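**Student:** Attaching a single structure in structure tokens format; questions to follow.
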Amino acid sequence: MKIPFNNVWIYNDIFEDLPKGETVRIPHTVSVTPYNYFDESVYQKISGYQKEFTYPEAAEGKRVFLVFNGVAHQATVYVNDIDVASHSCGYTAFKTDITDVVKKDSVNTVKVRVDSNETLNIPPFGFVIDYMTYGGIYREVYLDIRPENYIS
């Protein structure tokens, strides 16, 4: 069972300043650039997203995964302040099992630290590219509820 997870995220240009920020919906970019006369510091930054949620009743006795279909370019995911996943490459999806860190009886908090700086060892960087490489959670996010035993 997939539960959409795109609405009511808090975004801040400075990860450490969460939970302050603006309410956004995913997909989201870390910066809207002007039409001309700007440099890469406008969209290359370390920013953050935060979302609160309650344990879904449908997850009782099952495995709970948090799935990101695209975060550019380096993402570190925390659930209830526990580092649960890191992923480098904005062009591939990733998921993490959060079953053991999610609370059943109180509000849960997901934080995503997004580093949108160009890094030579993360695609597509390291050579010449002719397009902007915006950062952010730019593809859908969802909870994936699976039986305790399942085939991936």
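**Student:** Rounded to the nearest 20 debye, what is the charge dipole size of segment 68-151 about its Cα centre when +1 sits on each Lys and Arg Cβ and -1 on each Asp and Glu Cβ?
**Tutor:** For this selection, approximately 120 debye.
**Student:** I'd like to know which of 46, 79, 58 lies farthest towards the positive end of the charge dipole of segment 24-107, counting +1 on Cβ of Lys and Arg and -1 on Cβ of Asp and Glu.
**Tutor:** Selected residue: 58.
**Student:** Could you provide, to the nearest whole Å², the per residue accessible area of segment 64-152 with probe 1.4 Å?
**Tutor:** 51 Å²
**Student:** Which percent of the accessible area of segment 1-92 is formed by carbon and sulfur heavy atoms (probe 1.4 angstrom)?
**Tutor:** Here carbon and sulfur together make up 52 percent of the probe-accessible area.
**Student:** Separate question: Dipole size in debye (nearest 20) for segment 14-109 around its Cα centre, Lys and Arg Cβ +1, Asp and Glu Cβ -1?
**Tutor:** It comes to approximately 280 debye.
**Student:** Report the net charge of residues surrounding residue 6, where surrounding means a beta-carbon distance below 11 angstrom and charges are Lys +1, Arg +1, Asp -1, Glu -1.
**Tutor:** Net charge in that neighbourhood comes out at +2.
**Student:** Expressed in nm to one decimal, what extension gain is obtained for the pair residue 40 and residue 22 from 0.36 nm per residue of sequence separation less their Cα-Cα distance?
**Tutor:** 4.2 nm
**Student:** Please work out how many pairs of lysine residues in the chain are eight or more positions apart (or on different chains) and have Cα atoms closer than 22 angstrom.
**Tutor:** So the count works out to 22.
The values are calculated or read from the model by the stated rules, or taken from the named source; none is laboratory data. None of these values were measured; they are calculated from a predicted model. Neighbour counts run over all protein chains shown; Cβ positions are idealised from the backbone, glycine included. Side chains are part of the model used for accessible areas, which takes the heavy atoms of the whole protein and leaves out ligands, DNA and RNA. Shrake-Rupley method; radii C 1.70, N 1.55, O 1.52, S 1.80 Å.
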